[in-house]
Amino acid sequence: MSTTLKAGLIGLGSMGRHHARVLASLEGVELVGVVDPMGDKNGWAQGAPVLSTVEELIALGIDYAVVACPTALHEEVGLQLADAGVSALIEKPLADTVEGARRLVDAFESRGLVAGVGHIERCNPALLSLRARLEAGELGDVYQVVTRRQGPFPHRIADVGVVKDLATHDIDLTGWVTGRTYTSIAAHTVSKSGRPHEDMVSAVGQLSDGTMVNHLVNWLSPLKERFTSVTGERGCFIADTLTADLTFHSNAAVATEWEALRAFRGVSEGDMIRYAIPKREPLLVEHELFRDAVQGKPADICTLRQGLRTVEVAASVLASATSGATVLIPADQEQEPSR
């Protein structure tokens, strides 16, 4: 493998154009080709040759490829790359079905190839800081994780609903920041936009250590919101991933002479801290980590197995919404990190 990695990109849409921008300026990497059957009518390819097929891209001798085509094509494209011995960073979700995600895991693992999933929230400065603080025990026991992800309807999405497109962000980040896996989920969905897929979901779940999880996700709101809160014995962390701000609200032990309150063993409002966090672009950080992984360096990327777990939980959300019952999710010991 040469010192400079030869990278390719598959898909030049609303996300692919950003991948092209980062790849074109990424140190140690050369963007040698982009695949998009629609061509490059907007000039997003950064001067790289625009090809019609994945086979043409593979023929350029690429070391790895970024898969940013529609979710329904992830499995087909990923298997082509794996068969050719090419490492891949596949946009989230890993695949549109659990079975497809499993086939991708098997294909890349059996060939010993580096592969990852583009769960970009793992590279958000606020969530990176939150995760580090939870690992350091700053919150004590964790009780609940709440996420809200709302915004206007994305006309670019046609092949999946809000669960696979947006909720997978929150499913992955919740497991990642807590270091735990989902054991059950109960959900309700609605479809109001006239499309075959759901466009709003409300879900309640439980993690392997008993932590309660709540997710509210929709693309029917004129308000764009990206909210994550983690509540525990010492207070509450709130992360705004739009602004990459992290705030801590502490529990306060305040003496009271009010007899009616003395018997209530609860919490009281304490100090609020807003942390100063270096704010690098998450997509750039994601690409740097994957580049390092391909080069054989230690890098904390989202593995395909972790991406598979997220697809499994998303499928359980949809199954619960269809059946009206809580869905139990078997523990995945391979995914359960030690704390």
Going from most exposed to least, what order do ASP106, ASP271 have by accessible area with a 1.4 Å probe?
ASP271, ASP106
For GLY116, list long-range residues whose amide hydrogen, built 1.01 Å from N in the peptide plane, is under 5 Å from its own amide hydrogen.
ALA88, LEU89, ILE90
Using protein chains only and a probe of 1.4 angstrom, how many square angstrom of MET38 are accessible, to the nearest 10?
150
Would you work out the charge dipole size for the chain about its Cα centre, treating the Cβ of every Lys and Arg as +1 and the Cβ of every Asp and Glu as -1, and quote it to the nearest 20 debye?
520
Using alpha carbon centers only, the stretch 78-109 is separated from the stretch 166-227 by a whole-angstrom value of 24
Would you mind counting up the charge near LEU60? Only other residues with Cβ under 14 Å from its Cβ, with Lys and Arg at +1 and Asp and Glu at -1.
-3
Need one number: % antiparallel among DSSP beta bridges in the chain, to the nearest 5.
60
With a sphere of radius 14 Å drawn around the Cβ of LEU216, what net charge do the other residues whose Cβ falls strictly inside it have (Lys, Arg +1; Asp, Glu -1)?
0
Roll a 1.4 Å probe over the protein heavy atoms and report the accessible area of MET200 in Å², nearest 10.
60
Residue by residue through the stretch 79-88, which ³J(HN,Hα) values in whole Hz follow from phi under the Karplus form 6.51 cos²θ - 1.76 cosθ + 1.60 (θ = phi - 60°), with glycine and proline marked x?
5, 4, 5, 4, 4, 8, x, 9, 5, 8
May I ask which residue of THR310, GLY8, THR228 lies farthest towards the positive end of the charge dipole of the chain, with charges of +1 (Lys, Arg) and -1 (Asp, Glu) on Cβ and the Cα centre as origin?
THR228
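Would you work out the relative contact order for the stretch 3-117, in percent, from Cα pairs under 8 angstrom that are 6 or more residues apart?
24
Hey, which of these cross-link pairs are over 30 Å Cα-Cα: LYS6/LYS224; LYS92/LYS297; LYS192/LYS224; LYS6/LYS279; LYS92/LYS279; LYS164/LYS279?
Values: LYS6/LYS224 37 Å; LYS92/LYS297 23 Å; LYS192/LYS224 18 Å; LYS6/LYS279 28 Å; LYS92/LYS279 22 Å; LYS164/LYS279 27 Å.
Violating the 30 Å limit, Cα to Cα: LYS6/LYS224.
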Would you mind working out the magnitude of the charge dipole of the stretch 3-117 relative to its Cα centre, with +1 at each Lys and Arg C-beta and -1 at each Asp and Glu C-beta, to the nearest 20 Debye?
280
Tabulate in residue order the Karplus-calculated ³J(HN,Hα) for the stretch 283-288, using 6.51 cos²θ - 1.76 cosθ + 1.60 with θ = phi - 60°, rounded to whole Hz; enter x for Gly and Pro.
5, 5, 4, 4, 5, 5
Give the Debye-formula value of log10 I(q)/I(0) at each listed q (0.10, 0.14, 0.19, 0.22 Å⁻¹), with one equal scatterer per alpha carbon of the stretch 3-117, two decimals each.
-0.25, -0.50, -0.92, -1.22
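The values are calculated or read from the model by the stated rules, or taken from the named source; none is laboratory data. Quantities reported herein were computed from a predicted structural model and do not represent experimental measurements. Reconstructed Cβ throughout: ideal geometry from the backbone, glycine too, with neighbour counts over all protein chains shown. Keep in mind that these areas ignore ligands, DNA and RNA; they rest on the heavy atoms of the full protein, side chains included. Shrake-Rupley method; radii C 1.70, N 1.55, O 1.52, S 1.80 Å.
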